Structures are given as structure tokens and as C-alpha cells.
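Asks: The structure that follows is given in the form of C-alpha cells.
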Amino acid sequence: MTRQGTSALPAALAALLLAGGLLCGMTGARAQAPGSDARAQRERAVCDGVQQDRAACLREAGAAQQEARRDGLTSAPGGYDQNALARCQLQPPADRADCEARIRGTGQTSTGGSVMGGGVIRETVTPIPAPPPTR
């Protein structure tokens, strides 16, 4: 027995399922895009679980949503370190190398604290030899 014709239904069904899956994936990505209502709602929900003023948290979430809609939010990798190193350029020349060492974490550098606690504290210990005794 030979088959004379084949049905295009399985191929059409597979194409339909694939297109539906892609559409769902794009919708989910769009819903989590910066500035989207779904993302803003998720960020506002976080305000209930943080240890800061809820009104300030909600203001910040709204401001972030507004700025994201204007494409004003940036978070390039390494941007924080570049900003911190730029602030080191404002230090007196004698202190500039120590400032950069703290940001880069070189030498005997320790980091502590948190943003919630008031800031991240970086400390670098630089041993300075005692001057030779005078005779």
C-alpha cells in the first residue's frame, strides 16, 4: 500500500506553535522592558519589603519609570567604577593614587557597609616606613 498524498496539517500546526511561542516570548520581554507598566509594578511591590521610607521608594520607582520611558537610564558595565575613578581626579595629586587604589581594590583594601546602611566604605592601608633615627 502506498500513500498518494500527505497532509500539510502537521507542518502548519508546528509552524503555528512556533510562532505562538515566539510571540509569547516577545510579549514577556516587552513587559519587563525598562519603563513598562509591568516592570514598574514589580519595582513598586519591592517597596513593601525594604527598610526605607515607603513613600521615598515609590517616588524613586516612579522617577525611574519616567526616566526609562525617555531612554535616560543607563547602566553600562563598569560605569560605576569609571564614575568613581573620575571622582578621584578631583583629589589633590598627593591623594589621587590612593583614591584609585581604593576603587580598584588593589593593595591592602577592604570594603564594608551597604547602600542601605549609608554607603559602601572602602579602606586601603598603606604602610609608610618610619624615618631613620637621627644621631
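What follows draws every value from the coordinates through simple rules; no lab data is involved. Bear in mind that the values here come from a model prediction, so they are computed numbers and not experimental data. With ideal geometry, Cβ positions are generated from the backbone for all residues, glycine too; neighbour counts draw on all protein chains shown.
Asks: Provide the net charge surrounding residue 124, with neighbours chosen by a C-beta distance below 14 Å and charges set as Lys +1, Arg +1, Asp -1, Glu -1.
Replies: 0
Asks: In what order do 128, 103 fall by count of nearby beta-carbon atoms within 10 Å, going from fewest to most?
Replies: Going from least to most buried by this count: 128, 103.
Asks: Once phi is turned into ³J(HN,Hα) by the Karplus curve 6.51 cos²θ - 1.76 cosθ + 1.60 with θ = phi - 60°, what whole-Hz value does each residue of segment 97-110 show in order, with x for glycine and proline?
Replies: So the Karplus estimates, Gly and Pro as x, are 5, 5, 4, 5, 5, 5, 5, 6, x, 8, x, 9, 9, 10 Hz.
Asks: Mind listing the Cα extents of segment 79-125 along all three principal axes, in Å, largest one first?
Replies: Taking the Cα atoms of segment 79-125, the three principal extents are 31, 23, 16 Å.
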